Structures are given as structure tokens and as C-alpha cells.
1. Give the calculated FRET efficiency between residue A:125 and residue A:284 to the nearest 0.05, with a Förster radius of 45 Å applied to their Cβ-Cβ distance.
2. Calculate how steeply helix A:262-276 sits against the longest principal axis of the alpha-carbon atoms of chain A, using the helix alpha-carbon long axis, and give the answer as 0 to 90 degrees to the nearest 10.
3. Can you tell which of A:86, A:202, A:12 shows the greatest fluctuation in a Gaussian network model of chain A with Cα springs below 10 Å?
4. Alpha carbon centre of segment A:14-62 versus segment B:188-205: separation in Å?
5. Which of the lysines could a cross-linker bridge to residue B:13, judged by Cα under 29 Å and excluding same-chain residues fewer than eight apart?
6. Give me the distance in nm between label points sitting 7 Å out from Cα along the Cα-to-Cβ direction at residue A:161 and residue A:176, one decimal.
7. Find how many whole Å separate the alpha carbon centroid of segment A:253-285 from the alpha carbon centroid of segment B:1-57.
8. Relative to the longest principal axis of chain A, what angle (0 to 90°, nearest 10) does the C-alpha long axis of helix A:163-173 take?
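The values are calculated or read from the model by the stated rules, or taken from the named source; none is laboratory data. Quantities reported herein were computed from a predicted structural model and do not represent experimental measurements. Positions of Cβ are generated from backbone atoms using ideal geometry, with glycine treated the same way; all protein chains shown enter the neighbour counts. Protein only, heavy atoms only, side chains kept; ligands, DNA and RNA dropped before computing areas. Shrake-Rupley method; radii C 1.70, N 1.55, O 1.52, S 1.80 Å.
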Amino acid sequence: MSLYLIQLINGLGIGMIYFMISVGLSIIFGTMNFVNFAHGAFYLLGAYLCYAVVAATGSFWLALAVAPPAMALTGWFAERYLLSRLYHAPHQYQILVTLGLALVIQEGVMLVWGAIGQNVATPVLLQGVVVFGSFVYPKYRLFVIGFTALLTFVLWLALERTRYGAILRAGTESTEMVALLGIDIFRMFSFTFALGAYLAGLAGGLTAPISGADPFMGPGALSVAFVVVVIGGIGSFSGALAGGLLIGVVQSEMSSLWSEGANIMIYVAMALVILVRPRGLLGRA
Amino acid sequence: MLRVDGIHSYYGKSHILHGVSLEVNKGEVVSLLGRNGAGKTTTMKSIVGIVVPREGSILFDGTTISGIETHKVAQRGIAFVPEHRGIFQLLSVEENLAIAARRDSIWGLSEVFANFPRLKERRHNRGSDLSGGEQQMLAIARALVNGPKLLLLDEPTEGLAPVIVDEVVQVIAAVRQSGIAVLLVEQNIKVCMNLADRHYILEQGNIVYSGSRDEFCTADQVRERYLTLN
Ligand SMILES: Nc1ncnc2c1ncn2[C@@H]1O[C@H](COP(=O)(O)OP(=O)(O)OP(=O)(O)O)[C@@H](O)[C@H]1O
Ligand SMILES: [Mg+2]
């Protein structure tokens, strides 16, 4: 089977992970005008919590059920007691504090689990490969694509079909107008933060069996997430999906074409997109 | 019902309101007139807490609301329809209404659709698909389903065709009929004289005139001095 097809599927899987890391960052930026440099650390901590639960209980499924909600709680606390004080501060203060928080998390992870990365075993059920004629592909990676696709659909439904989703979408246009309708925007901010941290933590947990948990995985994920947000358009759910998939596929295809340049190409892709559409693929004025 | 008492509001260092006082009683329509830049919008923003006055107080139904958060002011029963209308462009007409709707409002969706047939026709359209007049109607309708006791309207007829202006006037009359008080900022003086029970004139952040409907009708000099364009 063609290498490019395999890389395409790999790219979709990676892209879905990128989407899950980025969507929270994008919506937080779009609604609160808040730059969260700690978002990559949520991804990191999600991976390590997953590792810790697997190490303690042996169950990846339990880890997947426990780690992301723990991250949601972490994100909620961080917003409520630290970051919410910075909403009216200039961006450079937000960057300073969230970067500090990211470092605290990263150092904390190294203190508890060491400076060397940890492997997380693939759950027994998903070990090995699926074979369809000449198509051979790891089961776990297929699971990641299916699971994240399902989750994305559920999120989309919640965003498009519920009152709370409508409030969130309204918030990306004007939080002042939302407040004028008697809606507590600060509660909305906390919830959004928790949701973003949940998704980033889940992304970390899902990646762990593929590339392990590594104390330095935060900054890389964060920079990719910023690229995705810029490509997709700030505050846009579908933009984050399109941007995540695009970057995943570009990176993955390039790794077989020109592996040294795979990481550069995501920035080239970003530059091309903003040349043509300065507000991103699905951004708006 | 609403009592604004000597408020001073600022944008950063610029002092915009210099002790504005005004009152709106139950069931009244009160107009707030004044030239461009007089501070009318700032007064409304101060009432709803978007701008926080540094001095003075604002009482609503006997309790102080100056200094509390905007969403709490709205929950107390003051709805503000801003000049730019603030329709959520990505949301449908129905969603714009749904996120504002409160059960205890005397204006439900059915009352709104009866009074705004255009909105019913367009309820599945996005906010961005609406004309200026439709956006204004939606903005007022959305404020009404929010269950206000007092409605603040900032230049509701601005930029609208004369036929639509008449529709807006009818809507405001219907709002008054339903027992909701209105504070109206409006450049169209005919609309104001037609609707309002009392008038205030604001000039450079000071209230320089207040009078009843009849007083204002005969106060030609006042109108000339403070309201004619220069
Ligand atoms: N966000 C702001 N920052 C600084 N100054 C402002 C701001 N908004 C308004 N101003 C200034 O405050 C003054 C009062 O403005 P305001 O919008 O309240 O006037 P207005 O009576 O509503 O005028 P208009 O009829 O043009 O709407 C003006 O001089 C204006 O330039
Ligand atoms: Mg104004």
C-alpha cells in the first residue's frame, strides 16, 4: 500500500490531536481575548496523569476516564484563582503569568516523575494491527481517529444545538453583549477554560501510548496549537478542526518527503494561509 | 424606579459626565436628548455598569446598582439596546432570542413574534443576513424577552428608512403599553416628542434641561439652543 496513504491517515490522527489541543486555546483567545501560554502544559499534565493512572492501576481506560476531568478541574482552578485576575491586564502580563504557570507545571512533573520520558503501554484490546487486504495499520491509531472524530461530533452538537453552545458562540462575538443579556460571563469563562483544559488533557492522554509522556512535550504542542489557531481563525471551532487536520497532514506527508523540513513546513503552510486569508480559513472580521 | 444621582463617569482620564442626575418612574417613557458627544451613550453605559461611575449613585427599585457587574444589572431588570444593536451575527434569529429569554418575562417568544412578524419569517436566518431595520427589531425583541422592567434604547431609529422608523415607534408604544418603562436616546426629535412623557437634555456631561411633554412642546428656545445642529 502506498506510503502516502499511510501518511495521510497518520496525518489525520495527528491532526485530530492538534485540533483537540487547539480548540480550547482558540475559543479562550476568541472570547476572553486571553493568551494562554499554559495550554501546552495542560496537554503535558494530561499525558502524565494518564501515565500515573496506568502505572497505578494498569487500566488505560480508567486513565482516559480520570485524567481529562482532573485536567478540567485544574484548568478551572487556574482560571478562577489566578488567570481571571489578568483579563484586564495587557497581553504581556498574561503571557508572563501563564508562561510561569507552564514552567511550574513542567518542573512539577519532573519533580514527581523525573526528567526522562515515560512510556505508556497500548491497551491490550488495541495492540497489534488491522489488516484489510494490503492495508495494514495499527489498531490504536485507528481508535484515536475514530474516538476523536466521535468526540468532535458530540462537541459540535453541543455547540450548535444547545443554549449553552449558543452562549459560547455569542461570546466569541461580544462578551459585553452577552453580559447585557444577564448572563454571567465569568462563569462562562471558567467553564470554557475547564473545557479547553479537558480537551488538551485528553489529547495528552491519547498521545501517551503513541509517543509517551515527556516533560518537554508542552512547548512544542503549544506552538503547533498557535499555528492551528492562526490558520483556522481565532475563536472558530471548525477553523481549529480544519487547521489541525491541515497541519497534521502536511507534517506527516512531509516527514516522508523531506523529514528535516517537516516542522518548517507547518509554518510555511501557515504563512501561505494568512497570505491568502489573513483572518484564517474560517476566521471572520 | 430608576434614580441616577450626580454621577461622574470617565474614559481613562477624560471626564465625560459631570454629575448627571435623572429619574425614570414606573411606566414612563423618558427621553434623553443632546448633541453628538454630549454623553448620552455614556450615561446609559454607566447605568448598566459597562462604565463604572467614580462618583454619585444609581438606584434601581430602591437598591444601589452602581458598581455591580453588568450581568447583575441586567438580572435586576434593566435591558440596554446599544447603538450598534449588538446582534450576534453567527447566531440565528431564534438563537439570539433564546439565549436572552427568561421565563418570568411578560414578553415571551409568542408575544414577540406577534409584534414582530418579520422576525418570525426570518427566525432561521443568521443575524448577519438581517437588514438594519430587522436587526433593530431583533435587538428590541431580544431585550424584551429578557424580562426587563426598564428598557434603555440608544438611538433606535438611527439609519432606518422612514417606514421602519414608524414601525419602531409602534413597537416602543407597545412596550409602554405592556408596563415597561423606557429611557430613550434619540436624535429624531419628532419621534421623541411623540413618545416621551418627559425629556432631559444633556450638554457636555451636564443635564441642562428637564421638562414634561407639554413644557417641552412650548420650549422653543430650549430646543433651539441645545438641540439644533451647529
Ligand atoms: N470609549 C471611549 N473612550 C474615550 N472617549 C470616549 C469613548 N466613548 C465616547 N467618548 C467620548 O465621550 C464623549 C461622550 O460620548 P457619548 O458617546 O456618550 O456621546 P453621545 O451623546 O452618545 O453622542 P452621539 O450622539 O454621537 O452618540 C464624547 O466626547 C466622546 O468622544
Ligand atoms: Mg451615543
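1. 0.60
2. 40
3. The residue that fluctuates most here is A:86.
4. Between the Cα centre of segment A:14-62 and that of segment B:188-205, the gap is 55 Å.
5. The reachable lysines, counting only those whose Cα sits under 29 Å from residue B:13, are B:40, B:45, B:72.
6. 3.5
7. Measuring centre to centre over Cα atoms gives 50 Å.
8. 70
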